[in-house]
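Remarks on the structure that follows.
The values are calculated or read from the model by the stated rules, or taken from the named source; none is laboratory data. Bear in mind the structure is a predicted one, so any value in this text is a computation, not a measurement. All Cβ positions, glycine included, derive from the backbone under ideal geometry; neighbour counts span all protein chains shown. Remember, those area values only see protein heavy atoms, side chains included, never the ligands or the DNA or RNA. Shrake-Rupley method; radii C 1.70, N 1.55, O 1.52, S 1.80 Å.
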Amino acid sequence: MISGQTTVAAVIGDPVRHSLSPALHNAAFAAADLDWTFVALPVVAGSGAAAVDAMKTLGIGGMSVTMPHKDAVAAAADEVSDAVAALGAANCLVPMSDGRIRAENTDGAGFLAGLRDDAGFDVGAKRVAILGAGGAARAVIHSCAAAGAAAVTVVNRSVAKAEIAVALAGDVGRVGNVADVATADLVINATSVGMGDDRSMPCDPALLHGGQVVVDLVYNPLETAWLAALRSAEIEAHNGLSMLVHQAAIAFTHWTGVPAPVGVMRSVIQNKFS
Ligand code: NAP
């Protein structure tokens, strides 16, 4: 029951009505027995900073942030995490006890947590190859390097974008080409290739081999053509579901201070896409 005591959390974006976040977080609030509710708020481009101010004025308990506001809220927040400082983009706003707003980016930490969940894999001292250099790739590049990867190789269609993104990995980063996936311990598809009805693949599955771990950040569909090909070659390959769940779970804990019901959140998404 929503009452005068209920805390409101929200996702802002444009478009945002399609967002999974309300279903995900409302199920999580219910499972954790919290008097919170979560809504989607369309906010037009250019109004990200105003939304940060509105969050303070209205006492919103937590905000998820999607396109096109990730950069604007990072700039407008009163305090930023290390990941936000590096990436210049935030996906989560957290009110602090003094009323100021802290910006977080939970994608990278969500990726690492998902990888531990799915594969028991820790990137420390491992060689990582990332296909892509967009927003998701940048978060993964930064988090892998920060977690102690031995090498972070960035492979992207636009080499100029790869050269910008690789700076997030510092000394362990380099721009590579698609043949580099063969020598990595962990290979990540962070391009949008394979989303929806797209049956094309981010690289030739024959370049990969058993003993490697592969993650396709795409979660819709849950099994892309690339994942299916890798799995039939008996290569360990995971989809983007766990990253999606964990980036939301980390946001939930930032807002509420309690552990997220990860299993409940996973079921919500699995039911949506299966
Ligand atoms: P983005 O910023 O638009 O970046 C798209 C990337 O895909 C760029 O590197 C782009 O290369 C590349 N690309 C697009 N079409 C391509 C093609 N035909 N051939 C080769 N490369 C191509 O998108 P994003 O937000 O990073 O999202 C990327 C993917 O990650 C999407 O599939 C998204 O669903 C997924 N994702 C998953 C999660 C999760 O929680 N699991 C979270 C965020 C994103 P250029 O630079 O050359 O254009």
Which of the residues that make up segment 31-59 are under 23 Å from the mean Cα position of the chain (by Cα), among the hydrophobic types (A, V, I, L, M, F, W, C) and assigned to a helix (DSSP H, G or I)?
A31, A49, A51, V52, M55
Tell me, please, whether a residue that is at pLDDT 95 or above, farther than 28 Å from A150 by Cα and within 16 Å of the ligand (Cβ to nearest atom) can be found in segment 232-242.
no
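Yes/no per residue for (1) closer than 20 Å to M243 by Cα; (2) touching a residue at least 60 places away in the same chain (Cβ under 8 Å):
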site	(1), (2)
A9	no, yes
S21	yes, yes
V52	no, no
I60	no, no
M63	yes, no
A85	no, no
D98	no, no
T106	yes, yes
G110	yes, yes
From the option list L227, L222, single residue qualifying as buried (at least 19 other Cβ atoms within 10 Å of the Cβ) and either within 15 Å of the ligand (Cβ to nearest atom) or not in a loop (DSSP other than H, G, I, E, B) (or both) is L227
So which pairs qualify, if the first residue must be in segment 189-212 and touching a residue at least 60 places away in the same chain (Cβ under 8 Å) and closer than 26 Å to A139 by Cβ, the second must be near the ligand (Cβ under 8 Å from one of its atoms) and open to solvent by 60 Å² or more (accessible area, probe 1.4 Å), the Cβ gap must be under 8 Å, and the two must be at least 6 apart or on different chains?
T191/R157
For segment 185-202, give me each residue that is within 22 Å of the chain's Cα centre (by Cα) and open to solvent by 10 Å² or more (accessible area, probe 1.4 Å).
D185, A190, T191, S192, V193, M195, G196, D197, D198, M201, P202
Count - residues of segment 158-204 that are in a helix (DSSP H, G or I), away from the ligand (no atom under 14 Å from the Cβ), of a type in the set (D, E) and under 20 Å from G108 (Cα atoms):
1
Out of A225, A233, A249, I need the residue that is small (G, A, S), under 14 Å from L24 (Cα atoms) and touching a residue at least 24 places away in the same chain (Cβ under 8 Å). Which one?
A249
Residue list for segment 106-127, filter: within 25 Å of D171 (Cβ to Cβ) and open to solvent by 70 Å² or more (accessible area, probe 1.4 Å)
R116, D122, A125, R127
Selection from segment 175-184 of residues that are over 22 Å from the mean Cα position of the chain (by Cα) and closer than 14 Å to A150 by Cα:
T183
Determine which member of the set T6, T57 is at pLDDT 95 or above, within 22 Å of G99 (Cα to Cα) and open to solvent by 30 Å² or more (accessible area, probe 1.4 Å).
T57
Quick one: is A89 part of a loop (DSSP other than H, G, I, E, B) and either under 24 Å from C144 (Cα atoms) or among the aliphatic types (A, V, I, L, M) (or both)?
yes
